[in-house]
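Structure first, commentary second.
The numbers here are math on the coordinates, done by the rules we state, and not lab data. Here the structure is a predicted model, which is why all the values come from computation and not from measurement. When we count neighbours, we look across all protein chains shown, and the Cβ atoms used for this are built from the backbone with ideal geometry, even at glycine.
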Amino acid sequence: MLRFVVRRLALLVPILVGLSILLFLWVRALPGGPAEALLGERATPEAVERVQRLYGLDRPWYEQYLRWVGNVLRGDLGVSTRTQHPVLEELLRTFPATVELALTAMIFAVGVGVPLGYFAARRHGTWLDHASVAGSLFGITIPVFFLGYMLKFAFAEKLGILPTAGRQDPLMDAEHPTGFYVLDGLVTGNPEAALDALAHLILPGIALGTIPLAIVVRITRASVLDVLHEDYVRTAEAKGLRPATIRGRHVLRNALLPVVTIVGLQVGLLLGGAVLTETVFAFPGFGKFMADSITARDYAVLQGFILFTAVIFVLVNLLVDIAYGLIDPRVRTA
Amino acid sequence: MRRYGMPLRRTMAVTAGLVLVLSAAACGGDEETPGTGGTEAARGSTLIFASSADPAILDPAFHSDGESSRVTNQIFETLVATEEGGTDVVAGLAESWEVSEDARTYTFKLRQGVKFHDGEPFNAAAVCANFERWYNFTGLAQSDSVSYYWVTVFRGFAKNEADTLGKSLYGGCTAKDDGTVELKLTEPSAVVLSALTLSSFGIASPKALKDYKADEVSGTAESPQFTGTFGTEHPVGTGPFKFGSWTRGDKLELVRNDEYWGEKAKLSKIIFQPIEKAADRAQALRAGSVHAFDYADPADLESLKSAGAQVLERAPFNMGYLGFSQRTDIMKNQKIRQAIAHAINRENVVKTKYAAGAKVANAFMPDSLWSYSEDFTKYDYNVDKAKQLIAESGVSNPTLEFCYPSGVSRAYMVDPAGNFQLMKADLEAAGFKVTPKTSPWSPDYLNSTQAGDCPLFLLGWNGDFGDPDNFLGTFFQSFSNQWSFRNEEIFKTLSDAEKEPDQAKREALYKQANTLIADFVPGVPYAQSPSFSAAAKNVQGWVPSPVLNDKLASISLN
Amino acid sequence: MSLSQAETVAVAPEETGGSLGRDAWRRLRRNPVAIAGALLVTLFVVVALLAPWLAPYPPDKPVGQVTPVSIPGPSAEHWFGLDDLGRDEFTRVLWGARWSLVIGVVSLLLGMAGGLLLGLLAGAFGGWVDGVVMRVVDMMLSVPGLLFAIGVAAMLGSGLDAVMIAIAVVNMPIFARLLRGQMLAQRRSDYVLAATSVGVRRRRIVLGHILPNSLTPVIVQGTLTLATAIVDAAGLAFLGLSSNDPSIPEWGRMLADTQRYLSSAPLLAVFPGLAIVIAALGFTLLGESLREALDPKYRR
């Protein structure tokens, strides 16, 4: 097992090194190069020269690269040209909100998707099955921001329930020791604040969770169908075991394995989707910050955030692999 | 109006049928507006104001954006102020003032018994310390993006570090006695008094400025970083509200200054919550989660009214224009400029994209400002005339590069991309070919228009104080890259007008300037529009200021 | 967004032959999902091609007076009403199909070409070439799709060409990995071994046998990718990465620009939104049923 983990970790190194080179070169490839990216269109030749000297941009590229990597490893991701605060500070400030949102989306996707997929498979060929297949195809194709708009229209505009902006009512006198508002409410003994934060998560969570939901439904349905046709299930049935026992002990447990993998794969989808969802719902997280940085062409932020996302994405997938290896020994040697 | 979240007295735990795991508190009772009937009395006097963004910095000397000054206007006060809801100069921290005959010496009698929030006394020495601070800025603090208004009004510093800065208008500040300040100018100026109403000239506690290292600026001129904490955690002034706390992206809290010298604020607290999009702010107000917001989208006004909210109108003190940079040959051609002026259906642009109450602008200043009169050349919408002028211009197949900004909405330009599209269609109908170019408002768009890179560009101006100089002088008093033309007659008329102490003569000079400008067609003014604010039904006493100098201390909730 | 990443379920290699084609066609025709998909796709393509003749009004000129608070909704004269500038919304939605088709097809072809080239390199040569190419592919896949596209588009500056290239680049590694997997599988298949043993030249084997046989799943993936490309382009437009000319009737942009009218003219954003869903759904349904038809494993 340890060897498996080490091998998987070693595989990450070239990916991360390559990615860092790519992102480093990315800023160099921007129209006008990094100095102009920093200066905007105010880049007079003198200003460019000044900035180039200030940031060592007149050195050979590999030297600059090593310096940049050194800075990144020390946590220095540069300064946001839009807010004039360090990129790392902005990242740490906005990321908890997005984690909270992504978790909500995932809980929604799995909580609804697994039962739905399971029952669709159990009632294979019925209207429920067809509806869930059609629904999941629809869920996959509907753009997140369009869905968000419709949710906003229905729940906030027409029905007048559920908030559509922010993370928490500003009147909540809530402490935020962790930055995760729901958790904060719970640990500071302020359940009102926690509930309020949760209410703010519902609509964006549903919008963001819909594509994962569709995928989870499909995977669960397919995998339950597979398992239902496995010999051991038929044997169990032949043995006369109670249907509930069969479902619980054999079908569901085996069918959920692929779902676990899929959940890991969704992290990238969620982080990308958060950019759109948070923009629609004025949710002050990582994605909203990123979207604002695009509009302002804040390259330092884009560079830092993309790198960070990639690292998270790769690490989560590693964890999923390891978890999978723990569950299923065959993977370790594969 | 339903609301959610707030005092959860009648909270229902709603478990939406499709949400198995989440159960959430939502949709409380049916209270009509926030703050009413709250269980705690304190909540009744907390105003939640939806701003459009976080402030850049809370140091008045260093900000030039409306969201910063909205907050600092409550914390700091200026020597002279604007009347509530208007632009006339009234007493502020100075009870009275005298201007010498040569318009070079201003003497201010200060209010007595005023204290800064940190307990330091407000007196003549404190005022002069502020002026000296501004005048002695060095390094990055001198750059346009940092101390914009000082540079605009006082032109330069003790030691100028850039060629673009001029000789400073500031000639010294003397504390005659504890309550008398004498401000000297190096040249006569009729504008300084109005300019001192700008929130950027708010008087700060000299001790706090020093303790919290207000003047420490690092980074680059284009992207300055404020390393001190004065502007982020410890802004200390004399105003009716004190700084409370600030979590960026989430909320900024001000609390009542109970030691305030004048009438104390009725609100115990103001919370500013940044909600970027106007439609989201409107929805938050309709839902009852905020009390008030600014920059309402004209499209939302009807729905706000029908939801029972108040819509407040700021008198138009702005103008939107289509500017020309005469750097290229085609824009130097006066016939082409006139053709453009005739080609654009300004009436339609204003009708389509602006709220009722907006008007077509004909001059580069609002028609409500003194010295405005309509005896200058006007350009009506006339496609045939435009075609004819193009034919006379000698330019065949005229192509115009046309820039418009993204990510911005102003009263004078609610939807820049919309204005652009309408104008593009008009220009094409007259026989122009249009090449679109767009960039984000700040910094790219502002920079490229200021540099004169855009032959055609959409811009506008919201007046800072009630003087034609703030409009005409800002645009056309001297050569600028933005317009890239030299017209000595216009330049001279405007600088004479700025220095002229006699009001009647000034008025005549500005009239003449408007005539000259209209004939020269440096651009096409097309819109002046009221801007709109909205407030919940129970918000009382908010008087929107045309120069965005709102004092929120007059607000109460019932 | 990274739908295509999640969906890169490789289709099992096919034994080819006329019978399979006929078999697949028979299965497709009998599948209601396929028919629904084909109908939607046909509708989309026909509208895109014939937009200038179908559209009742010019797409970029105001045809009626509107104000921010009175934007006429659907009527007999203007089926979808007017937009916020007084243009005919129905006309613009029709024209939008054309732009979506262009964006979808161009970015797909670019992405496919790039991906196929990479995959071909890796699959045909194997060894260290394969190693390097696949590490690059891994790297590209380690950035979530939308963020990747944002990065590329931001690098190229604004404009539709930047958007198309960005989407293409994001799709490249997916095609590369798919094709490589196929080619590896083919290389070990019986008929290739047979061809090698009778002395057919390597290049001929690759180009004449392996490549054509590997293309079936690529076609399936391509159909699905068209759907994501249309949705992704709309997403980028939503974030402000789109054409410089806002008068171009592009669905994503139309949707983004009219969100402001949520309270006064909510339908303005709904029409382009539904158009995106219809187009994307069409290609997804068609792609899914193609996959089923071509893959015996899915015959359940």
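With q set to 0.16, 0.25, 0.26 Å⁻¹, the log10 of I(q)/I(0) for the stretch A:67-151, from the Debye formula over equal scatterers at the Cα positions, is -0.80, -1.18, -1.20. For the protein assembly as shown, DSSP calls about 75 percent of its internal beta bridges antiparallel.
Label separation (residue A:76 vs residue A:12): 2.5 nm, computed from points 7 Å beyond Cα along the C-beta direction.
Mean silhouette area of the stretch B:405-467, derived from the convex hull of its C-alpha atoms and averaged over all directions, reads 5.2 nm². Mean-square fluctuations from a GNM of chain C, with a 10 angstrom spring cutoff on Cα atoms, peak among C:229, C:51, C:194 at C:194. Within the stretch B:343-382, name every residue whose backbone N is under 19 Å away from a label modeled 7 Å from Cα of residue B:508 along the Cβ vector. Answer for this model: B:370-376.
The long axis of helix A:253-280 is offset from the longest Cα principal axis of chain A by roughly 40 degrees. Computed on the stretch B:318-529, the Cα convex hull volume stands at 108 Å³ per residue. Along the axis of the charge dipole computed for the protein assembly as shown (Cβ charges of +1 for Lys and Arg, -1 for Asp and Glu, origin at the Cα centre), the listed residues A:98, A:12, B:440 are led at the positive end by A:12. Each part gets one Cα centre, and for the stretch C:97-174 versus the stretch C:237-252 those centres are 21 Å apart. Pairwise Cα distances in chain C exceed 29 Å in 43 percent of cases.
Between residue C:26 and residue A:244, how high is the FRET efficiency from 1/(1 + (r/R0)^6) when r is the Cβ-Cβ distance and R₀ = 30 Å? Nearest 0.05. That gives a FRET efficiency of 0.15.
Of C:209, A:124, the sequence from fewest to most neighbouring Cβ atoms within 10 angstrom is A:124, C:209.
Taking every Cα-Cα distance in the stretch C:250-296 and sorting them into 5 Å bins starting at zero, the pair-distance distribution P(r) comes out as 5, 21, 19, 14, 11, 9, 9, 6, 4, 2, 0 percent. The charge dipole of the protein assembly as shown, taken about the Cα centre with unit charges on the Cβ atoms of Lys, Arg (+1) and Asp, Glu (-1), comes to about 5560 debye, rounded to the nearest 20. Sorted largest first, the spans of the alpha carbon positions of the stretch B:101-228 along the three principal axes are 41, 38, 21 Å.
Where the only charges are on Cβ atoms (+1 Lys, Arg; -1 Asp, Glu), what is the dipole of the stretch B:318-529 about its Cα centre, to the nearest 20 debye? For the stretch B:318-529, the charge dipole is close to 520 debye. When the square roots of the Cα gyration tensor eigenvalues are ordered a ≥ b ≥ c, the ratio a/c for the stretch A:76-235 is 1.5 or more and a/b exceeds b/c, which makes its shape prolate.
In this simple spin-label model, placing a label point 7 Å from the Cα along the Cα-to-Cβ direction at both residue B:311 and residue A:231 gives a separation of 7.5 nm. Over all other residues within a Cβ to Cβ distance under 12 Å of residue A:76, the charged ones net out to +1, with Lys and Arg as +1 and Asp and Glu as -1.
Note on residue C:215 and residue C:189: their simple-model spin labels are 1.4 nm apart, each label 7 Å out from Cα toward Cβ. Semi-axes of the equivalent ellipsoid for the stretch C:117-198, computed as √(5λ) from the eigenvalues of its C-alpha gyration tensor and ordered from largest down, come to 33, 12, 9 Å.
Computed over the stretch C:172-241, the alpha-carbon pair-distance distribution with 10 angstrom bins reads 18, 36, 22, 13, 8, 2, each value a whole percent. Mind giving me the FRET efficiency for residue B:397 and residue B:479? R0 is 30 Å, r the Cβ-Cβ distance, nearest 0.05 is fine. Using R0 = 30 Å, I get an efficiency of 0.50. As a length-normalised measure over Cα pairs under 8 Å and 6 or more apart, the relative contact order of chain A settles at 24 percent. Out of every Cα-Cα pair in the stretch B:91-170, what percent are more than 22 Å apart? Result for the distance tail: 40 percent. Evaluated at q = 0.25 Å⁻¹, a Debye calculation over the C-alpha positions of the stretch B:227-288 (equal weights, vacuum) places log10 I(q)/I(0) at -1.03.
Assign one of three labels to the stretch C:164-297, namely rounded, prolate or oblate, based on the Cα gyration tensor with a ≥ b ≥ c the square roots of its eigenvalues; rounded applies when a/c is under 1.5, prolate when it is not and a/b is larger than b/c, and oblate otherwise. Prolate shape, in that a/c is at least 1.5 and a/b is the bigger ratio. Convex hull volume of the C-alpha atoms in the protein assembly as shown, normalised per residue: 192 Å³. Under a model in which nothing but the beta-carbon of Lys, Arg (+1) and Asp, Glu (-1) is charged, chain B shows a dipole of about 1120 debye around its Cα centre. In units of the compact-protein estimate 2.2 N^0.38 Å, the stretch A:93-333 shows a Cα radius of gyration of 1.15. Straightening the chain between residue A:138 and residue A:25 buys 36.8 nm, computed as 0.36 nm per residue apart minus the Cα-Cα spacing. Post the alpha-carbon centroid distance, the stretch B:463-507 to the stretch A:185-218, in whole angstrom. Rounded to whole Å, the Cα centres lie 57 Å apart. Volume per residue for the stretch B:171-320 equals 214 cubic angstrom (convex hull of Cα atoms). Treating each Cα of chain B as one equal point scatterer and applying the Debye formula with no solvent, the log10 of I(q)/I(0) at q = 0.07, 0.13 Å⁻¹ comes out as -0.44, -1.39.
Projecting the Cα atoms of B:147, B:137, B:181 onto the charge dipole of the stretch B:77-226 (Cβ charges, centred on the Cα centre) puts B:137 farthest toward the positive pole.
Cross-link reach is defined here as a Cα-Cα straight distance under 18 Å, omitting same-chain residues fewer than 8 places apart; for residue B:505 the lysines meeting it are B:492.
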